[in-house]
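For reference, the structure discussed in these notes is given below.
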Amino acid sequence: MPPVTRKAKVTRATRRDEIAGRLFEIVERLLEEGSAFSEISVEQLITEAGIARSTFYVYFEDKGALMVDLMDRATQDIGAAASDWFELPATATRDDLRKALSRLARGYRQHGRMLAAIVEAAAYDPRVRDEWAAVLQRRFQDMNNSFVPQQKAGAIRADVDVASVTPWLAWMFDRGFYHLVGQGGALPKWALEGATSVVWQTLYEGTR
């Protein structure tokens, strides 16, 4: 008698991640089609995802809990795009910086409508608001963790107070990229050049 091959058991975490990924794609598409996140119903989500209402509520308390998960996915992608800038080598040129910022702009372009939905949800859901604030704090810390060692190595200007500058740079890019490319448009050449000039002169001018 041939051996019985048993199917690997799908864990709760794996199942939740699979459903959340499906819902992420659905929400991004609906936002791109013009829906506001507040207008998207749980019924619409479960119908498009092909899951039962009970399944949705096994993994997500409500739409706010879902948004926290969606936020994590979008900001992870943007964080990965930002790593090209945060981890620029000491030999990087202004052109290298421009290319790194261009990748970051593409991340905002890809997830701009989701970021708008996050800001929308944060206005009325304290969980989303608190998590969004935590995301920004982690972004400041990631920048500091990258820039401080670079400054000690001489790759960033010695006269810059990195801890004071990074929140301004983070907010500048968050708001600037959101308005310029967050609704799906390409970043204008003049805007990319302007962003490159600001960062280059703030952090790197005279170090290479």
(request) Could you check, for segment 136-151, whether at least one of its residues is of a type in the set (Val, Ile, Thr), surrounded by 15 or more Cβ atoms within 10 Å (Cβ to Cβ), over 20 Å from the mean Cα position of the chain (by Cα) and at pLDDT 90 or above? (result) no
(request) Report, ordered by the first and then the second residue, all pairs with beta carbons closer than 7 Å, sequence separation of six or more or different chains, a first member in segment 129-142 that is free of Cβ contacts under 8 Å to residues at least 24 places away in the same chain, and a second member that is surrounded by 12 or more Cβ atoms within 10 Å (Cβ to Cβ). (result) 129/122
(message) I'd like to know if segment 91-100 contains one or more residues that are closer than 23 Å to residue 198 by Cα and loosely packed, with under 12 Cβ neighbours inside 10 Å.
(response) yes
(request) Please indicate, with yes or no, whether at least one residue in segment 164-173 is part of a helix (DSSP H, G or I), modelled with pLDDT of 90 or more, farther than 19 Å from residue 79 by Cβ and not hydrophobic (A, V, I, L, M, F, W, C). (result) yes
(request) Consider residue 30 carefully, then state whether it is surrounded by 12 or more Cβ atoms within 10 Å (Cβ to Cβ), within 22 Å of the chain's Cα centre (by Cα) and closer than 30 Å to residue 145 by Cβ. (result) no
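The values are calculated or read from the model by the stated rules, or taken from the named source; none is laboratory data. Fair warning: this is a prediction, and the values are worked out from it, not measured in the lab. FYI the Cβ positions are ideal-geometry reconstructions off the backbone, even for glycines, and counts take in every protein chain you see.
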